[in-house]
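**Student:** One structure, pasted below without further comment.
None of the figures in this text is laboratory data; all of them are computed from the coordinates on show. No experiment lies behind these values; they were computed from the predicted model shown. Neighbour counts run over all protein chains shown; Cβ positions are idealised from the backbone, glycine included.
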Amino acid sequence: MTFSKDDLNRARAETRACEDLIHFNNAGSSLMPAPVADYLHEFLREEEMNGGYETADQEKEALENFYVSSSKLLNCKPDEMAFAENATRAWDMAFYGFSFSKGDRILTTMSEYGSNVIAYNQQAERYGLEVVFVPDDEYGQIDVCALRQAIDDRVKLISISLIPTGGGLVNPAEAVGKVAREAGVPYLLDACQGVGHLPLDVEKIGCDILSGTGRKYLRGPRGTGLLYVRHEMMDKLVPPFLDQHAADLISPGEYKMLPDAKRFENWEQNFAGKAGLGVAIDYALQFGIESIQHRVYMLADKLRNGLSEIDGIELTDLGEEKCGIVTFRAAQAGCESIKSGLHKHRINVSVSDGSGSLVSFQDRDITEVVRASVHYFNTEEEILFFLDALESIV
Ligand SMILES: Cc1ncc(COP(=O)(O)O)c(C=O)c1O
């Protein structure tokens, strides 16, 4: 499947800002397509004019659609999906649901997301766990042989980020899933940067839990996230928080958790965001995630090629497979000054300062990189304009 010229025309016509803005910050927060933004505005207007609860009743189907569309996206059942306010909280609701014993081990990657590493350390202090950063292979992605060798009776969780926040690498999630299945160890995949970016099939990957965010490659509203929990894993996790949406209070001393993944949700939610995220997922599915991936990778390759021809630019993406996140630094200028210089040309990028990729960045002696992350609505002309602007800055 390829992204056709008609697809591109439609994508650009429905991305209102792209007329005079080059948005290469899709790994930060992408631009909502017009149908998603319009739906969100309408939902909020309904809440204003008719009341929040009344709007939720009226939009029941659209709210339910979140489960249907997200399960199509990941190839799972709707009742294995939960809505969350962001990817971090989605991930937390599952991770903090594991109970560990002293001496248990968690296996993760060098490229793991900073907030996840904080959570490992917090639980390590609480339970006396060992957190093992499996070394990278020659491509800079998780070394699957080293992962396999690290498996023993003490390993209670394999938990990795598919794509790090500060680089274009895609970890070999499926190969990791194979190791997890062979070992019978639960597998938690942080796919925050992956949803809407590349195909994710939880059966093929073999993960038990997957978290994602709405605002990045899915182009959904901010303050939205999603969590997949495999049926077989549901009762092995104890949600760290329960409320009267996640559980039924049966008597003063008795409650029963919901049988499905809604047990990981809150009663009060961002209803407009939830329905809007469903619209955004359907929108992405119309183009097809494979064709989105194809176009995004093509644009990112072009960008990397162009950058490699500019004197003083060092590309910092690792991995055998590289995605739409392109990172670099320059000998002549700091990352923040590049970002603000580009901003003057109406080009958005961000700076990854290391907090989100601390383990990897410290290991590689990197303090910060410029992150230019492309999406399918970007164009080759924008890339040329970007390269010219960058050259003039450095
Ligand atoms: C790999 C990864 N995981 C998790 C997150 C956190 O996502 P959220 O801000 O939606 O909680 C990010 C955000 O950049 C990320 O890149």
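**Student:** Find the Cα radius of gyration of segment 38-286, compare it with 2.2 N^0.38 Å by division, and give the number to two decimals.
**Tutor:** On the way: Rg = 18.5 Å, N = 249, 2.2 N^0.38 = 17.9 Å.
Cα Rg divided by the expected 2.2 N^0.38 Å: 1.03.
**Student:** Related question: For segment 139-194, list log₁₀ I(q)/I(0) at each q in 0.12 Å⁻¹, using the Debye formula over Cα point scatterers of equal strength and ignoring solvent, two decimals each.
**Tutor:** Those come out to -0.26, one per q.
**Student:** In square nanometres, what is one fourth of the surface area of the convex hull spanned by the alpha carbons of segment 329-394? Can you show the working numbers first?
**Tutor:** Values: hull surface 19.6 nm².
Average projection, Cα convex hull of segment 329-394: 4.9 nm².
**Student:** Any idea what diffusion coefficient segment 11-104 gets from Stokes-Einstein, in µm²/s, Kirkwood Rh on alpha carbon pairs, 4 °C, 1.567 mPa s? Display every interim value, and only then the final one.
**Tutor:** On the way: Rh = 16.7 Å.
It comes out at roughly 78 µm²/s.
**Student:** What's the ranking of 211-220, 283-292 by average number of surrounding C-beta atoms within 10 Å, highest first? Walk me through the intermediate numbers first.
**Tutor:** On the way: 211-220: 29.4, 283-292: 17.7.
Descending packing order for the listed peptides: 211-220, 283-292.
**Student:** Segment 1-65: Rg/Rh from Cα coordinates, Kirkwood Rh? Don't skip to the answer; put the middle values down first.
**Tutor:** On the way: Rg = 15.7 Å, Rh = 14.1 Å.
Dividing the radius of gyration by the Kirkwood radius yields 1.11.
**Student:** Given H placed on each backbone N at 1.01 Å, which residues far from residue 213 in sequence or on other chains put an amide H within less than 5 Å of it?
**Tutor:** 195, 226
**Student:** Based on the mean of other Cβ atoms within 10 Å per residue, sort peptides 359-368, 64-73 so the most packed one is first. The partial results should precede the final answer.
**Tutor:** Values: 359-368: 16.1, 64-73: 20.2.
Highest mean packing first, the order is 64-73, 359-368.
**Student:** Using the Cα centre as the reference, give the magnitude of the dipole from point charges on the C-beta atoms of the chain (Lys, Arg: +1; Asp, Glu: -1; all else neutral), rounded to the nearest 20 debye.
**Tutor:** Details: 38 positive and 62 negative charges, 43 e Å.
For this selection, approximately 200 debye.
**Student:** What fraction of the DSSP beta bridges in segment 38-286 is antiparallel, stated in percent and rounded to the nearest 5? Can you show the working numbers first?
**Tutor:** On the way: 14 of 29 bridges.
Around 50 percent antiparallel, to the nearest 5.
**Student:** Just need the relative contact order of the chain here, percent rounded to a whole number, with Cα pairs under 8 Å and 6+ apart.
**Tutor:** Numbers: 794 pairs, mean separation 95.2, N = 394.
For the chain, the relative contact order is 24 percent.
**Student:** Right, another one. Give me the log10 of I(q) over I(0) for segment 323-367 at q = 0.24, 0.29 Å⁻¹, as the Debye formula computes it from C-alpha points; what are the numbers?
**Tutor:** -0.96, -1.14
**Student:** Hey, another quick one. Give me Rg over Rh for segment 258-394, both radii from the alpha carbons and Rh done the Kirkwood way, two decimal places. Working shown, then result.
**Tutor:** Values: Rg = 18.3 Å, Rh = 17.2 Å.
Taking Rg over the Kirkwood Rh, I get 1.06.
**Student:** If neighbour count is taken as other Cβ atoms inside 10 Å, put 1, 298, 32 in order from fewest to most. Mind showing how you got there, number by number?
**Tutor:** Values: 1 11, 298 16, 32 26.
With the fewest neighbours first, 1, 298, 32 line up as 1, 298, 32.
**Student:** Give me the percent of DSSP beta bridges within segment 167-257 that run antiparallel, rounded to the nearest 5.
**Tutor:** Beta bridges within segment 167-257, antiparallel portion: roughly 75 percent.
**Student:** Take 81, 257 and order them by how many other Cβ atoms sit within 10 Å, fewest up front. If you can, show how the numbers build up before the last one.
**Tutor:** Numbers: 81 25, 257 16.
Fewest-to-most ranking of 81, 257: 257, 81.
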